[in-house]
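Beneath this line is the structure, given in structure tokens, with notes to follow.
Every number in this text was worked out from the coordinates using simple rules, so none of it is lab data. Nothing here was measured: the structure is a model prediction, and the numbers come from that model. Positions of Cβ are generated from backbone atoms using ideal geometry, with glycine treated the same way; all protein chains shown enter the neighbour counts.
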């Protein structure tokens, strides 16, 4: 099927564009997509305490991140087709309860192996909520409304990586690191309740697409071969892997390197939230004026330059120089992520579950690689982060430029 015919086929999908974009829907979408990031970032300030109690180093604890991301990435490839077959609600609720089970395992962990096992179970559950948040948004909206929904969701979701380390440090210092997992488990139960009561099923039976294993594999292959999906999707995935690399490197840079306490590191992350808020609010109006692809390209360029700042700056930068790089990266990410996601998902309304699953697989697969690199590279953490962010953003830019060129060719009369 030609790209033009496929686009026309997708465009006739009955989309619930009459559904208003309300704060309640944005909050639910944000909660679903944020639970995985919440469960990851909230434990970062507790790494020293966890390491001391379990007898492992902070570098070894990085395996709890990479194992989470690898599992998260692979599980999404199964969740997406199942959600297109059975609907969104059963997968979301089942995933959240599985996440709670993994939280209990991690919370009672007495060894690194048990902690990793709990994190793997958490990832299996969290992936259903996160991947289907994008699919639900595509079920309900399209065009500029979809871009706005994803931007607002990203703004709200930014609260998780921003404020969760502060919450994690407060819980660690007052109740101990195991209390973190109690709080995360309670959050998942609350999200499940409000999702079931407030949003529910967004994919009616007549729009579901039951597929055999062979059909699923073929469908994934067609998405991979479709330049409209693979080029912007890979670009955004690489960009986000740079963000996750900064999370993995943060304990070594801020706490071990700069001497910040657990509480101070949590406050630092909380302040960075406002950069993402501002970028997310600016993205939709800028996209309306200059075009989504132009603004997303600007965001990718800014993120790449932020990585370069860590390479050209002093080998042992102070908090000010590191913060300049961090703020620049977050600003670029805040512009490019929601717009790039909307560009990736827009042509594939009929395959929203599959497309979201493959997109999530690419993102978490790239994150697993970059967080693993942070833990094994024998360079100073700041240099390692600079190399990773600059490299992934440069490749992302090249891919996005290729996608822009192809888009211009296909839309040319």
Top mean-square fluctuation among 324, 112, 63, Gaussian network model of the chain, C-alpha springs under 10 Å? 324
Rg from C-alpha atoms of the range 312-411, normalised by the globular rule of thumb 2.2 N^0.38 Å, equals 1.31
Assuming 0.36 nm per residue, please report the length gained on full extension of the stretch residue 212 to residue 21 beyond their Cα-Cα distance. 65.3 nm
Simple spin-label model, 7 Å along Cα-to-Cβ: residue 194 to residue 395 in nm? 3.7 nm
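Looking at the P(r) of the chain, how many percent of alpha-carbon pairs lie beyond 26 Å?
Numbers: 42657 of 85078 pairs.
Looking at the chain, the distances longer than 26 Å represent 50 percent of pairs.
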Would you mind telling me which residue in 312, 275, 189 has the biggest mean-square fluctuation in a Gaussian network model of the chain, where springs connect alpha carbons within a distance under 10 angstrom? 312
If the chain between residue 173 and residue 288 were fully extended at 0.36 nm per residue, the gain over the current Cα-Cα distance would be 36.8 nm
Listed residues 372, 331, 221; largest mean-square fluctuation, Gaussian network over the chain with Cα springs below 10 Å, found at 221
Using Stokes-Einstein with the Kirkwood hydrodynamic radius over Cα pairs, what translational diffusion coefficient do you get for the range 28-75 at 10 °C and a viscosity of 1.306 mPa s, in µm²/s rounded to a whole number? 134 µm²/s
Separation in nanometres of the label points that stand 7 Å from Cα toward Cβ, at residue 225 and residue 281: 4.6 nm
So for R0 = 35 Å, FRET eff. of residue 312-residue 378 from the Cβ-Cβ r, to 0.05, ends up at 0.95
Over the range 96-247, how many percent of alpha carbon pairs lie in each 5 Å bin up to the one with the longest distance? 2, 7, 10, 17, 20, 16, 13, 8, 4, 2, 0
What whole number of Å gives the distance from the Cα centroid of the range 175-243 to the Cα centroid of the range 47-96? 12 Å
Please pull out the direction-averaged projected area of the range 171-307, using the convex hull of its alpha-carbon atoms, in nm² to one decimal place. 13.4 nm²
